[in-house]
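Worksheet for the structure shown next.
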Amino acid sequence: MKINVVGSGYVGTTLAACLADLGHEVTAVDIDEDVVNTIEHGRAPIHEPGLSDLVAEHTGENLTATTSYENVADADVTFLAIQTPSQEDGSIDISPLAAAAEMTGEALADVEDDHLIIVKSTITPPSIEEIRSTVADSAGDAADRVEVATNPEFLREGTAVEDFLQPEKVVFGTESEWATRRLEEVFQPLLADHDTHVVRTNPETATMIKYANNAFLASKISLVNDLGNICKEFGIDAYEVADAIGLDDRIGEQFLRSGVGWGGSCFPKDVAAIVAAAREAGYDPAMLAAGIEVNDRQPERMLALLDKHVDVEGERVAVLGLAFKPGTDDTRNSRAIPVIEGLQERGAEVVGYDPIATENMRDRFPEIEYADSAIAALEGAAGALVVTDWDEFTALDEKFDTMATPVVVDGRRIVERREGIDYDGLTW
Ligand code: UGA
């Protein structure tokens, strides 16, 4: 099939490269010339394992990138994978997505065949109507040949390519049979090869499934953090408790790792967005709001533990891990941000270390020191806070001995408790 993917961010680039890998002829459309040039040179504009290889393999073959909407109408379907940034009240700003929908609609104004526009971006159910009317207005006479569908994405950063190519489920939100069939054609190679569940529903339900998925997982972590905080107060190891409750199939063993909480570009934004949309509709979701509150508290609890061991004013403190999780250089909403802010409030001299996310954090905190290795960050430090569960932190062992005072507060249960270091786990 001929497929356009509008937007070459995280989801868009993964989608474009993977669809090309499935054998489709894919055009990636983005207004940013640098991003387009990067793809045209066979590189991915974002860091994601395996993605650059796929882009390199298909660029010049069945993957092209352009800033122009000129040939949009030649394709069978157009995916919109445009960011929907958070606003102050947590609600999403769909104007960049609406702008892309409008340009797509205009490009389809003379189309003679049916065309499917598929929203990949995470948008709330009530905002779908706005995209529909934007498309209808801009497509003019062709409006009744263009349908807007939703097809939410469940991939995780760090394993995006794998998650895309081996999904547990795909969700098609359509209003007509032909739109469902077209989506089935797009994903046919995946549906044929794998034991993938296919959920066929309407566009609003499909996008609610996405929010419910993320809200549930984020709340699961907040619940295990709430319980973990209780464990800590009682001197109990929350991981022992979590391992045991995870044996109950109704609970499940995944996403029970308590600690400094959830960050990234999805959970914080999506939970806030669905809470804001619910409030706008007149319902105040108490559980989800509490999940956010617990998550917001975890970095402060970590700092309070540090305070118990050492007064960090004027002291060097190492922050190990800046990415929101291992395997990515993404620092968006990383728990390291409130941790660094808390240290700065205490007058500490912060030294950050991350194997790949340093440059992204430097944009946010240009004033702090960044070390080239965990070992360098620890040297002479009065305390170390472990914020990301990078594997390499398991092997630091005697490197903690180079600290001025070997106080280690672990937010991810990655460092082993041992003699000679003053070790405190957040929930154990
Ligand atoms: C999340 C979802 O897992 C994906 O299914 C979804 O597609 C994606 O959001 C999205 O909406 O685009 P992602 O943000 O990449 O994926 O990261 P996760 O692996 O889910 O981790 C999110 C955060 O939760 C991280 O900060 C991680 O450290 C934290 N976490 C995760 C815990 O604190 N404990 C756990 O047990 C698991």
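So which residues in the range 192-203 are in a helix (DSSP H, G or I) and buried (at least 16 other Cβ atoms within 10 Å of the Cβ), if there are any at all?
The one that is in a helix (DSSP H, G or I) and buried (at least 16 other Cβ atoms within 10 Å of the Cβ): P203.
Restricting the search to the range 153-176, which residues are of a type in the set (S, T, N, Q) and at pLDDT 95 or above? Spell out how you get there, then give the answer.
Keep residues of the range 153-176 that are of a type in the set (S, T, N, Q), which gives 159, 166, 174, 176.
Residues satisfying the conditions are T174, S176.
Hey, among E184, E175, which residue is part of a loop (DSSP other than H, G, I, E, B) and farther than 25 Å from L288 by Cβ?
Result of the check over E184, E175: E175.
In this structure, is P85 over 16 Å from T207 (Cβ atoms), within 27 Å of the chain's Cα centre (by Cα) and within 16 Å of the ligand (Cβ to nearest atom)?
Numbers: over 16 Å from T207 (Cβ atoms): yes; within 27 Å of the chain's Cα centre (by Cα): yes; within 16 Å of the ligand (Cβ to nearest atom): yes.
For P85, the condition - over 16 Å from T207 (Cβ atoms), within 27 Å of the chain's Cα centre (by Cα) and within 16 Å of the ligand (Cβ to nearest atom) - is met.
Would you please name the residue that is farthest from the ligand (Cβ to nearest atom), looking only at residues in the range 138-183 that are touching a His at 6+ places or on another chain (Cβ under 8 Å), open to solvent by less than 30 Å² (accessible area, probe 1.4 Å) and over 24 Å from Y69 (Cα atoms)?
Applying the filter and picking the extreme gives V170.
Exactly one condition in (1) under 22 Å from D330 (Cβ atoms); (2) open to solvent by 40 Å² or more (accessible area, probe 1.4 Å) is not met by L51; state its number.
Among (1) under 22 Å from D330 (Cβ atoms); (2) open to solvent by 40 Å² or more (accessible area, probe 1.4 Å), the lone unmet condition for L51 is (2).
Would you mention how many residues in the range 230-242 are of a type outside the set (G, A, S) and surrounded by fewer than 17 Cβ atoms within 10 Å (Cβ to Cβ)?
6
Output the number of residues of the range 204-217 satisfying the condition of being closer than 21 Å to L19 by Cα and open to solvent by 30 Å² or more (accessible area, probe 1.4 Å).
Result for the range 204-217: 0.
Residues of the range 8-22 being over 13 Å from the mean Cα position of the chain (by Cα) and of a type in the set (A, V, I, L, M), which ones?
Result: L15, A16, A17, L19, A20, L22.
The values are calculated or read from the model by the stated rules, or taken from the named source; none is laboratory data. All values derive from a computational prediction rather than experimental measurement. Cβ sites come from the backbone with ideal geometry, for glycine too, and all protein chains shown count toward neighbours. When the accessible area is computed, the model is the full protein with side chains, heavy atoms only, and any ligands, DNA or RNA have been set aside. Shrake-Rupley method; radii C 1.70, N 1.55, O 1.52, S 1.80 Å.
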